[in-house]
Each structure stands twice: as C-alpha cells, then as structure tokens.
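Worksheet: the structure to be examined is printed underneath.
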Amino acid sequence: MDIIIESFKSLLTMDVFIALMVGVIGGMVIGALPGFTASMGVTLLLPVTFGMEAIPALVMLTALYTSAIYGGSITAILIHTPGTPSSAATADDGFALTQQGHGLQALGVSTICSGLGGFASGIMLLLIAPPLAKLSLMFGPAEYFLVAIFGLTVIGSLCTGGVSKGLLSAAIGLCISCIGMDEQMGFPRYTFGNVNLIGGLASIPVLIGLFSISQVMIMAEDVKDADTKLVNEAINNLKGKILLPAKEMAALIIPTLRSSIIGIIVGILPGAGGDIGSYVSYNVGKQTSKHPELYGKGSYEGIACSEAANNAVTGGSLIPLITLSVPGSATAAILLGGFLMHGLVPGNLMFTEQAGITYPIIIGFTISNILLAILGLFIARYVAKITTISISLLAPTIVVLGVLGSYAVNLSMFDVFVMAFFGFFGYIMRKTDLTVAPIVLAIILGPIAEKNLVRSFVVAKSMPIVSYYLSRPINKILLVLIAISIVIPIINNYRYKNKALKLSEANSSCEADLD
C-alpha cells in the first residue's frame, strides 16, 4: 500500500498529466481513422518517448493503446466503418442505432462501457501481476526459452492466413533478430560486410516500417478523400442526451461486467487480441440476452458487450507482458520494446527493484480509462470529423513522422533506409496474407530465446539437453501448451474446410435437383 500511495504521488505531476492527455486524445483520433490501428499509433509515438522519463513515457503509450481501441467504435457507430478491427463487432448495432436517430446514445454506451472494461482490466492487472511475477522466480533459462517459443507459436497460430503462414512469419522474424554480433561467440551474422549491421537492427525503424509505412502504401493504392458528406450528416443528426436513462444503463451493468471478465481472460492469452475478445463477448451476450433478436439490428447491450470486452483485453494483454515478457497482442509486443528501451525488464524485478516505476504505470493506465470515459462523452462526436481529412494529406504526414522517428534512434540515415525497406517488405507481406505481428514479436523475443537456450545448455552440463528440459515440471507444462497452440488451430482449420466442403456439396446437390 505504501508503494501504491507513493505511485499516486508520482503521477501528480504536470508531465504525467500532459502525457495522459496526449495518450487518451491521440488514441481516440488514431482509433477513429479507418485503417489505422493501436499498433500503428504506439509505433509512431515510441520514438517521441526517447527523451522522456520512464513513467510519463510508458503511461502515455499504454493510455494511447486503450484509447485507440475505444476510438475505433466512434466511426463504427456513426458511419459503419470500424476504425480498428476490435470495433468490428460494434458496427452493425451502432450504425443501426444511428440510422434510427439514437447514434449519440450509442456513442454514450460505447464510451461508458469501454471505460469500465478498461478500468476493470487495470484493477486486475494491479491484483494479478504481482503474484504472477513471483512465479517467474521459479523460471530458469530453459523455462524462459520455452515461454518465448510459446508466445511465438500462439500468436503465429492465431494469425489470419493459417498456422503455416503465421509460423512462417515468426520464423522470418527470428532470422531478422539474428542480424548483428553474436553475443555468445562474438561473431558477426548476416551483416554481409556492412558495418551498420554489426550492432543489429534497431527495433524502432523496423516497427515503423512494418506497421506504419506498409499501411500508408496500402492506403495509397486507392487515394480517395473520406466521405465528408456522410460523416457530417451523421454528426449533425446526433440528437438528445448522450447518456441513456438510469434504468436502461443499469440493465447494462451485468453484460458489461461479464464482458470485462471475458476480455481480461482473452487478453491474457498471447496473440488473441481485442477483435477476438469482442466477438466472443458479443456471442456470449447474444446467447444469454433476453432480447437476442435485437442483436445486429440496434442493441445497446450488443455495443456494451463488444466495447467492454475489447478494452478489457488491453489490460489483460499487459499481464503476461509485465510478468513473463510474453505480449498478449501485437500492440503489447511493441510496448515490450518500449519497456526494454526504458530499462524495464519484465519479471519479478519490476515489482521489487523497479516497483517505483511499475506501479505508477499500472495506476496511470487505470486512470487513463477513467479519463477516456469522461473526455469521450464530450468530444467523441467531434473526433469523428477527423475522418474527413484527405488521405493524400494524412499519408505524407505519417511518412514524415516515420522518417523523423527512425532517424532519431541513432541519428543515422541508415535507420531511415531500414524503415523504408521494412515498409516495402511489410507491404508485400500484407498483399500475400502474411501477418506482420509474428515478425515483430519474433524480433523482440528472438534474442531472449537465443540467450536462454545457450544458457540452458550451460546449466545442463553433461546431461542430455532433452533430458534436462523434461526433468523440470514447468517445462513439461510449457511443452504441452506449445503443442496445443499448434495442433488445435490446425484441427479447427481442417474442420472448417470439411464443413465448407460439405456445404458446397449440399448446394451443388440442391442446384442439380432444381435443374
């Protein structure tokens, strides 16, 4: 409790307050822009935190994370265009309510429930992370190696395009992480005689290229101004009070709490993400609702379920990140780079030696969700106007910010070229249905996995390495989890293909009968 009290004091400074406001408002704006994601926002803001203290820097990044997830619901509700994938489940109900003249009330439900979901996940992060971090004291090099592999297999297997493509992306990321001087042997790898590669690739230019520049290239394929008329009509038609009557809001408490729990659990699972959390919660809400017929046609309860869950995923994804170095989402993987950049190594040390920094970050994240709810009620309708900005103006701005951020890492033009290369590489991956998230995670977890694999060989001494790994109980559990994370998606894909094949055969049979 003393640490928590001191943490509140450290948050009562002007730089932290400004960081919170920038994170919350900036997240809303980025989330509301269709095609932009929380990952992209955090990536662009990461270079800005170089000259900042750890607490305001990481509070700003985590605030932007949760706020961007909420921001996606604004355009999902008003113009049926989810700003982020996490808000896709909100679009049908939200836009239906907008067409019925209740768009402002739908925004109010989204705002309140997003804030409550994120706040609940912040409280759980505060309660669960410290005891879970103690578990990391039982981990040796072998356990940390398997944890890193588990994170890669999970996020790889959950990616769109199938397990093979996800794992292929992770393998590419591992190869990229090997560039530079081998710390164990002191031998340069994959440098091709270029002295700029001896120190390895800086993660910031790689992240900016993969997430931001590649997205700009996708956007540049079809440069059209946003539908200004559609947005303005949606905003002008917002009428009445933004909050529902107390009785109707009270009816949403149970769905919101249930969805928050689902979101936290889904967030803890590495690689799941807000889109999975929102859809799972939405389906559970529909199955347990007294009025399931309203779902998809304008249900406030449906909005509450999806929005509470996707914001609860944010705090849930930070739990394995802070305790075990395993990000629960692609954005959390980028945040891991931010933690390491500011000298914070996930694990038990974050709650002992570095507790004075860790607890303010967690409490700041929790407070950011309260600010999100308060500010959202006042500015959400105006944030939607950001979508009227021409892509031809937004795209060059993002490129300029990316160049500045990449150059600022080492004051080197080489990093700018690295950003450009990975921007084009990320574009090719997106066009071939290869997801970039496993690459990012592999670049960050690759060195951790390699270092601990070498250490486990040293610790094993004369014992066969397989026998050493199987002699430790935690390793057995992790190996089973790795196998499950690979096998289950393969089985699900096989079942899905069989179901689709049977449906196709049934349709062909019906057409033949009609003929």
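The values are calculated or read from the model by the stated rules, or taken from the named source; none is laboratory data. Everything quoted here is computed from the prediction, not taken from an experiment. Cβ: placed from backbone, ideal geometry, glycine included. Neighbour counts: every protein chain shown.
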With the condition kept exactly as written, say whether any residue in the range 128-146 is under 18 Å from L243 (Cα atoms), of a type outside the set (S, T, Y), crowded, with 20+ Cβ neighbours inside 10 Å and touching a residue at least 12 places away in the same chain (Cβ under 8 Å). no
Of the residues in the range 383-396, those that are part of a loop (DSSP other than H, G, I, E, B) and either among the hydroxyl-bearing types (S, T, Y) or under 18 Å from A202 (Cβ atoms) (or both) come to S390
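Based on this model, can you work out whether I18 counts as hydrophobic (A, V, I, L, M, F, W, C), part of a helix (DSSP H, G or I), modelled with pLDDT of 90 or more and under 27 Å from G356 (Cα atoms)? Walk me through how you get there before you give the answer.
Numbers: hydrophobic (A, V, I, L, M, F, W, C): yes; part of a helix (DSSP H, G or I): yes; modelled with pLDDT of 90 or more: yes; under 27 Å from G356 (Cα atoms): yes.
It is true that I18 is hydrophobic (A, V, I, L, M, F, W, C), part of a helix (DSSP H, G or I), modelled with pLDDT of 90 or more and under 27 Å from G356 (Cα atoms).
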Quick test of your reading of the structure: A170 fulfils all but one of (1) surrounded by fewer than 20 Cβ atoms within 10 Å (Cβ to Cβ); (2) modelled with pLDDT of 80 or more. Name the failing condition by number. (1)
If you go through L61, L104, the only one that is in a helix (DSSP H, G or I) and closer than 19 Å to G405 by Cβ is L61
When T111 is evaluated against the numbered criteria (1) modelled with pLDDT of 85 or more; (2) in a loop (DSSP other than H, G, I, E, B), which criterion, by number, is the only one it fails? (2)
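How many of the residues in the range 292-333 are within 22 Å of G376 (Cβ to Cβ) and not charged (D, E, K, R)? I'd like the intermediate steps shown before the answer.
The initial filter retains those residues of the range 292-333 that are within 22 Å of G376 (Cβ to Cβ), namely 298-318, 329, 331.
Filter once more, so that each one left must be not charged (D, E, K, R): 298-300, 302-306, 308-318, 329, 331.
Residues flagged as within 22 Å of G376 (Cβ to Cβ) and not charged (D, E, K, R) within the range 292-333 amount to 21.
Pick from the range 265-311 the residues that are in a loop (DSSP other than H, G, I, E, B) and on the phi > 0 side of the Ramachandran plot: which of them is modelled with the highest pLDDT? Spell out the reasoning first.
Quick first cut of the range 265-311, residues in a loop (DSSP other than H, G, I, E, B) only: 269-272, 289-291, 295-299.
With the extra rule that they be on the phi > 0 side of the Ramachandran plot, the set shrinks to 271, 296, 298.
Values: G271: 55, G296: 78, G298: 83.
Once the filter is applied, the top-ranked residue is G298.
Is it the case, given these coordinates, that T388 is at pLDDT below 80, β-branched (V, I, T), crowded, with 21+ Cβ neighbours inside 10 Å and on the phi < 0 side of the Ramachandran plot?
Details: at pLDDT below 80: yes; β-branched (V, I, T): yes; crowded, with 21+ Cβ neighbours inside 10 Å: no; on the phi < 0 side of the Ramachandran plot: yes.
Spelling it out, it is not the case that T388 is at pLDDT below 80, β-branched (V, I, T), crowded, with 21+ Cβ neighbours inside 10 Å and on the phi < 0 side of the Ramachandran plot.
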Within the range 397-454, residues free of Cβ contacts under 8 Å to residues at least 12 places away in the same chain and outside any helix (DSSP H, G or I) come out as L411, T432
